[in-house]
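Below: the structure, in structure tokens.
Each reported figure results from applying straightforward, stated rules to the coordinates on display, with no laboratory input. Every value quoted in this text rests on a predicted model; they were computed, and no experiment measured them. Reconstructed Cβ throughout: ideal geometry from the backbone, glycine too, with neighbour counts over all protein chains shown.
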């Protein structure tokens, strides 16, 4: 079950459960679309993987109690600002490799 983390780990932009700007890697590291595109260059600073849009969990009980009311987002904030210079050095050699080939 996705945690649906509440903010961008880098800039703390709010990312509510219905956000279409929330991006996650396969480990659920969560960043806003702006940080992924302009700061991270689609390279997760924690694992080196790429990002995809985070799915939106239904707000209403459309089927089998699979909705926010039963499975709410986490309230735990992970704020780990990226050291931009360090990340540039890390990402330089892999950012041009497609994420599924890293």
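Things to note:
- Residues residue 13 and residue 88, FRET efficiency given R0 of 22 Å [Cβ-Cβ distance, rounded to 0.05]: 0.55
- A crude spin-label estimate for the pair residue 96 and residue 70, with each label 7 Å from Cα along the Cβ direction, gives 4.9 nm.
- Given in Å, the Rg to one decimal and the Dmax to the nearest whole number for the Cα atoms of the chain are 14.5, 47.
- Using the rule -39500 (n - 2.57) for each DSSP H run of four or more residues, divided by the residues of the chain, the 222 nm mean residue ellipticity is -2500 deg cm²/dmol.
- Taking the chain and dividing mean pair separation by its residue count, relative contact order in percent (alpha carbons under 8 Å, at least six apart): 32 percent
- Note on residue 62 and residue 1: with the Förster distance fixed at 22 Å, the Cβ-Cβ geometry gives a FRET efficiency of about 0.85.
- Residues 31, 51, 90, ranked from the fewest to the most other C-beta atoms within 10 Å, line up as 90, 51, 31.
- Translational diffusion coefficient (Stokes-Einstein; Kirkwood radius from C-alpha pairs) of region 47-102 at 20 °C, 1.002 mPa s, in µm²/s: 144 µm²/s
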